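The values are calculated or read from the model by the stated rules, or taken from the named source; none is laboratory data. Computed from a prediction, not measured in an experiment: that's the story for all the values here. Reconstructed Cβ throughout: ideal geometry from the backbone, glycine too, with neighbour counts over all protein chains shown.
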Amino acid sequence: MTALDDAPQLELLTTAHCQRLEEFERTNRAFFASRVSDRGDDYFTHFADRLAERVAENDAGQSLFFVLVAASGQIVGRVNISDIDKPPMTELGFRVDAGSQGRGIATRGVRAALEKARQRGVSSIAARAAVDNLASQRVLEHCGFTATGPADPPPGSDRTFKGYRILL
């Protein structure tokens with residue numbers, strides 16, 4: 001068996017992922033907060049409602065929210081492409097759990113999600129990475145994104161971000 005044979009699979013987010021996704025987010029909360037920002041306690045208080053909203057966006061063709069699922073069934077990452085119905089606001093975000101870093105999971109997941117977006121007719125996607133998050137910058141560059149300069153931080157973050165864009 002090769003490393004790719006046991007690579008996590010990209011799955012479109014459904015409500016069936018709720019418990020495993022919340023576990024993924026809670027387990028990695030401090031790790032993710034150290035790279036972007038903390039989502040806060042309210043995020044977890046209303047987790048199932050937020051998940052249902054994301055699934056509804058998938059169903060309506062507004063966004064593409066994915067999870068990366070290991071052979072064990074554990075969620076080890078997410079890839080989100082939001083606002084596919086509102087170009088040029090379409091934006092990619094991704095995260096991989098702390099224990100899965102450095103194995104190419106993010107790069108493979110982002111590439112697979114970009115292909116799904118291309119199949120849906122998306123032609124351009126923006127992304128951003130904290131300037132001190134070199135791993136995320138490498139993922140974006142390996143997937144064909146080009147740096148565009150400074151970018152606004154996500155809500156709640158006081159970090160400095162670099163923008164990226166890809167034409168599909």
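Just for segment 144-162: of the residues that are more than 17 Å from the chain's Cα centre (by Cα) and part of a loop (DSSP other than H, G, I, E, B), which one is modelled with the lowest pLDDT?
GLY156
Just checking: which of the helices (runs of 4 or more DSSP H) contained wholly in segment 13-101 hold 1 or more residues that are without any contact (Cβ under 8 Å) to a residue 12 or more places away in the chain and of a type in the set (Lys, Arg)? So that I can check it myself, show each step before the final result.
Numbers: elements: 18-27, 29-33, 41-45, 47-59.
Correct list: 29-33, 47-59.
Residues of segment 112-168 being more than 12 Å from ILE81 (Cβ to Cβ) and basic (Lys, Arg), which ones?
The answer is ARG128, ARG138, ARG159, LYS162, ARG165.
Collect the residues in segment 59-83 that are closer than 20 Å to SER124 by Cβ, of a type outside the set (A, V, I, L, M, F, W, C) and surrounded by 12 or more Cβ atoms within 10 Å (Cβ to Cβ), keeping them in residue-number order.
Result: GLN62, SER63, ASN80, SER82, ASP83.
Considering each residue of segment 110-143, count those that are surrounded by 14 or more Cβ atoms within 10 Å (Cβ to Cβ), in a loop (DSSP other than H, G, I, E, B) and of a type outside the set (Val, Ile, Thr), and give that number.
Residues meeting the conditions: 2.
In segment 24-45, is there at least one residue being among the β-branched types (Val, Ile, Thr), buried (at least 19 other Cβ atoms within 10 Å of the Cβ) and closer than 19 Å to VAL122 by Cα? Before the answer, list the steps.
We begin by selecting, within segment 24-45, every residue among the β-branched types (Val, Ile, Thr); these are 27, 36, 45.
Now narrow it down to the ones that are buried (at least 19 other Cβ atoms within 10 Å of the Cβ): 36.
From what's left, closer than 19 Å to VAL122 by Cα: none.
Checked segment 24-45: no residue is among the β-branched types (Val, Ile, Thr), buried (at least 19 other Cβ atoms within 10 Å of the Cβ) and closer than 19 Å to VAL122 by Cα.
Read through the list (1) in contact with a Gly (Cβ under 7 Å, 6 or more places away or on another chain); (2) closer than 17 Å to VAL139 by Cβ, then give the number of the only condition that SER37 fails.
(2)
Only one of (1) within 23 Å of GLU22 (Cβ to Cβ); (2) in contact with a Cys (Cβ under 8 Å, 6 or more places away or on another chain) is not met by ARG111, so which one is it?
The single condition ARG111 does not satisfy is (1).
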